[in-house]
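So the structure is just underneath, and the comments pick up after that.
The values are calculated or read from the model by the stated rules, or taken from the named source; none is laboratory data. Predicted, not measured: the structure shown is a model, and the values here were computed from it. Please note: Cβ atoms are built from the backbone with ideal geometry, for glycine as well, and neighbour counts cover all protein chains shown. All accessible areas refer to the heavy atoms of the entire protein, side chains included, with ligands and DNA or RNA removed. Shrake-Rupley method; radii C 1.70, N 1.55, O 1.52, S 1.80 Å.
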Amino acid sequence: MEALLKEKIRKVIREASSIAIAGHVRPDGDCVGSCLALYNYLTAAGREEDLRTVDLYLEDIPEDFRFLMGSDQILHQPKDVRYDLFIALDCGSADRLGAFLPVMRNTKSTLCIDHHVSNTHFTAVSLIDPGASSTCEILFEIMDYDRIDQKTAECLYLGIAHDTGVFKHSCTTRRTMEIAGALIEKGVPFSRIIDETFYQKTYLQNQIMGRCLLESIMVLNGKVIVSSISRKTQEFYGACPADLDGVVDQLRVTRGVEAAILIREEETQTYKVSMRSNGIVNVSRIAVYFGGGGHVQAAGCTMEGSLYDVINNLLLHIESQLKAAEQV
Ligand code: AMP
Ligand code: MN
Ligand code: MN
């Protein structure tokens, strides 16, 4: 990472008299991990001399993440406060801040730390590193290692583990592993974090996963796998969006597949699309085309119309990318 920019970011954070931190809507492991890591880092015990306000804004976080320190301090409603500095973490565009966008609009200076290739540079200062596995990895590079306590390390480790699919996605680098190692040295209970927040599923989540796999279809000569879940089915299981985490990743590891799509009906004629690729297809490009964003191999967007149209439109883009790569 560019040393100058890193120093500039540290200075911006150091000199702010009050700070608001926020992440993206429907926060995932890296979002929750990075927000809580920075919050804990800036408010840790022994820093009582630091009397400035630091507030953290996030939507409701998944149950599994609530053991992380600081999660009981999260604010869900914007306060009517004009902060000195707003820090957006793991957030690729302003609209992804959801209800917390007005907090940013009302803040003097703005900073974004993120790794989405689709990041729109919506803040005055931004540190975007699409080569980083996760926002937590970038944060580690900014933080002073000696000032990272065990609780902050847990947050960073969780975020890195989640965004790398437990250190297996192509975004995992030697540096990622070195950072994870440095965090383990802080006493992070890594086996427990990985099992309990990543692999462990509730009975209901397993049932939904099974249902989505059962109803999936293979198209484009077996290069693409598609599954969808209706609102009625979600209601039947009493499932929330987070209960579908991991489903599209399981679809992706179907042998022979280049891309996987999971389509979740949000409202009538409104669908949340999650895409994963095994390398040839750039799903971020497709997601951005339809108003969303993400990474080259993991991206998402929201689409309107009939389910048939949504699938058709997505497949047209995937097919043309596969054709260009002479895969179909
Ligand atoms: P998901 O499929 O929801 O797990 O998201 C995969 C990746 O794409 C994550 O990094 C998300 O932050 C990003 N992403 C998902 N949906 C959107 C969206 N509507 N707009 C921008 N980025 C998104
Ligand atoms: Mn995220
Ligand atoms: Mn991330």
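The table that follows gives values for the structure above.
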{"quantity": "Rg(Cα) / (2.2 N^0.38 Å) computed for the chain, rounded to two decimals", "calculated": "1.00"}
{"quantity": "Cα-Cα over 29 Å, subset of 201/232; 6/272; 151/272; 79/201; 8/186", "calculated": "6/272; 151/272; 79/201"}
{"quantity": "GNM result for the chain, Cα springs below 10 Å: residue of 283, 32, 257 fluctuating most strongly", "calculated": "257"}
{"quantity": "Net +/- balance of residues flanking residue 13 in space, Cβ distance below 12 Å, scoring K and R +1, D and E -1", "calculated": "+1"}
{"quantity": "Within the accessible area of the chain (1.4 Å probe), percent carbon and sulfur", "calculated": "50 percent"}
{"quantity": "Degrees between helix 203-214 axis and first principal axis of the chain (Cα, 0 to 90, nearest 10)", "calculated": "40 degrees"}
{"quantity": "Solvent-accessible area per residue, Å², over the range 183-274 with all protein chains present [probe radius 1.4 Å]", "calculated": "53 Å²"}
{"quantity": "13 Å beta-carbon shell around residue 78, net charge (K/R +1, D/E -1)", "calculated": "0"}
{"quantity": "Separation of alpha-carbon centers, the range 61-77 and the range 182-218, rounded to whole Å", "calculated": "19 Å"}
{"quantity": "Rounded tilt (10° steps) of 150-163 against the dominant C-alpha axis of the chain", "calculated": "20 degrees"}
{"quantity": "All lysines inside 17 Å of residue 223 as judged from Cα atoms, apart from same-chain residues fewer than 8 positions distant", "calculated": "323"}
{"quantity": "Cα long-axis angle, helix 3-15 against the chain (0 to 90 degrees, to the nearest 10)", "calculated": "60 degrees"}
{"quantity": "23 Å Cα-Cα reach of residue 11 towards lysines, excluding residues that sit fewer than 8 places from it in its own chain", "calculated": "108"}
{"quantity": "Evaluated over the range 78-214, the Cα radius of gyration and Dmax, each in Å", "calculated": "17.2, 51"}
{"quantity": "Protection proxy ranking of 300-306, 11-17 - average other beta-carbon atoms within 10 Å, highest first", "calculated": "300-306, 11-17"}
{"quantity": "Net charge of Cβ neighbours under 15 Å - reference residue 189; Lys, Arg +1; Asp, Glu -1", "calculated": "-3"}
{"quantity": "Share antiparallel - DSSP beta bridges, the range 187-328, percent rounded to 5", "calculated": "75 percent"}
